[in-house]
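The values are calculated or read from the model by the stated rules, or taken from the named source; none is laboratory data. The structure presented is a predicted model; accordingly, all values stated were derived computationally and were not measured. Cβ coordinates were reconstructed from backbone atoms using ideal geometry, including for glycine residues, and neighbour counts include every protein chain displayed. These area figures cover heavy atoms from the full protein model, side chains too; ligands, DNA and RNA do not enter into them. Shrake-Rupley method; radii C 1.70, N 1.55, O 1.52, S 1.80 Å.
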Amino acid sequence: MDVPIKKKQFSNSKIALIVGGLALLALIVFVIMSTSGGSKLNVAKERISTNIVKNDVFQENIPVNGIVLPITTIYLDALEGGRVEEKFVEDGAIMKKGEPILRLSNTDLELSLINQETSVYNLLTQMQISQNAARQNTINRRNQFTDVENSLIEAKRLYDLNQRLYDKDAIGRQDYESSKNNYEYQKQRMQLAKQVLQQDSIATKQEVGQSRSSYARTKSALELMRKKVGDLVVRAPVDGQLTSLDAEIGQSKNKGERLGQIDVLSGFKVRVDIDEHYISRIYSGQKGSFSFNNKQYTLVIKKVYTQVANGRFQVDMHFEGDIPEGIRRGQNLQIRVALSAEKQALLVAKGGFFQKTGGNWIFKISEDGDTAYKVNIRLGSQNTEYYEVLEGLNPGDKVVTSSYDSFGDVEELILK
């Protein structure tokens, strides 16, 4: 008799299907739990940084870097081109105004000076000859005038005498008419002599004036030429320190080429680079501060350079009050430039949390200190130490300010 074989209730394929379904269901539950907003993460307290939100005095400022420069820098350019013949000092020397720095030679310029001097001397000689001739001519004209004047006096005397004699019939009419005609003739000569003398005087004055004007122009050109030759000796324009001297004996320098600079040592300024994002908020009169040798110093913006290069613009800041002892040209300073006036505000310390949250939320620690949970916030202005809190927190709240990069997307931290 055959024994009936009992069929298995579950086959291997069905078992595998059931196990796969359960695994899929577990994965779905895990995903739902992970994205449902209720996830938690255990965090060691010593691995996070916390700060207390507080009300305090707040001033918006930005950190910038500045370099110390002389208060004034005078650039030395070659006023005339030439060959470097002699150096009187070396780079770094302390100079007094007018002291020579180096000497250039320029044969063309020196030859032009000699020619100009010769022209002036020739013109001066010609002027002297012309003036002597004019003087002699004036003397001759005056002598002629004196002769005419004497002839007029004699003619008038004879005419007056003959008139009296003619009235008494002592002389004939012929003699009387002759003396009268001579007298009239001498009067006309006198008028002409006066006109000639007057015109000669005017002409002489014009000639002298033109000669003097020509001489003055030529002499002025000579003085200018002498100055150009004198400029071949480069001198310190002010008291200060010679820096960046770029000239060696035998080297040729073109007109206008930079030779070096003089740094005025009476004070210092600070040249600061600022991000172009703040260009509309920076103006003359704003202040900044920095620490030097454990002491705070204040700077004031005196000049804003609005040209933007590589995303940054520059300002010049001057010291307000004392200049730090021991500060040197080229020294770098870390400065905080104030963008607003001081005010009372709710503040939270800066930290790595901002990179993750963008300032939109933060982990707030519970009163018992065992957990921290997300709260939405809104931040305002900032400075080098704090953010201004506009919404979402209250004074005394304790928050996590360290980086959130290792927390993932959890909603709550369990602090151990």
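At-a-glance table
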| read-out | value |
| --- | --- |
| Cα centroid separation - the range 257-272 against the range 117-155, whole Å | 62 |
| At R0 = 35 Å, FRET efficiency that the Cβ-Cβ distance of D273 and I249 yields, to 0.05 | 0.35 |
| Exceeding the 24 Å Cα-Cα cut-off - candidates K97/K219; K40/K416; K364/K416; K97/K303; K45/K343 | K97/K219; K97/K303; K45/K343 |
| Helix axis angle, 107-167 relative to the chain longest principal axis, alpha carbon, degrees | 30 |
| Surface share of carbon and sulfur [accessible, 1.4 angstrom probe, percent] for the chain | 49 |
| Tail fraction, Cα-Cα pairs, the chain, threshold 40 Å, whole percent | 64 |
| Ellipsoid semi-axes in whole angstrom, largest first, where each is sqrt(5λ) of the Cα gyration tensor of the range 283-351 | 22, 20, 13 |
| Chymotrypsin sites (Phe, Trp or Tyr not before Pro) lying in DSSP loop within the range 271-327, provided at most 10 other Cβ fall within 10 Å | Y283 |
| For R235, distant residues with modelled amide H under 5 Å away | I101 |
| Gyration tensor over alpha-carbon atoms, the range 288-416, equivalent ellipsoid semi-axes in Å | 39, 17, 15 |
| Spatial extent of the range 239-300: Rg and Dmax, with the Cα atoms as the point set, Å | 18.7, 51 |
| Listed pairs K227/K253; K287/K398; K96/K227 exceeding 24 Å between Cα atoms | K287/K398 |
| With Cα atoms, 0 to 90° folded angle of helix 12-35 axis to the chain main axis | 40 |
| Whether the range 215-340 is rounded, prolate or oblate, judged on the alpha carbon gyration tensor where a/c under 1.5 counts as rounded | prolate |
| Virtual paramagnetic centre 7 Å along Cα→Cβ of V375, amide N under 16 Å, in the range 388-415 | 388-402, 412-413 |
| Set of aspartates and glutamates near K302 by C-alpha distance (under 13 Å), chain-local residues within fewer than 8 positions excluded | D316, E320 |
| Kirkwood hydrodynamic radius of the range 112-228, Cα pairs, Å | 18.1 |
| Overall dimensions of the range 316-375 as given by Cα atoms, namely Rg and Dmax in Å | 20.1, 55 |
| Built amide H within the under 5 Å cut-off of D246, gap 5+ | G260 |
| Within straight-line cross-link reach of K187, lysines at Cα separation under 21 Å, skipping those fewer than 8 residues along the same chain | K156 |
| Principal-axis tilt of helix 173-230 within the chain, Cα atoms, nearest 10 degrees | 30 |
| Per residue accessible area in Å² of the range 252-337, where ligands, DNA and RNA are left out and the probe is 1.4 Å | 59 |
| For E80, distant residues with modelled amide H under 5 Å away | G256 |
| Extension reserve of the Q128-R103 stretch, reckoned as 0.36 nm per residue once the Cα distance is removed | 5.2 nm |
| Debye log10 I(q)/I(0) for the range 160-235, one point scatterer per Cα, at q = 0.14 Å⁻¹ | -0.71 |
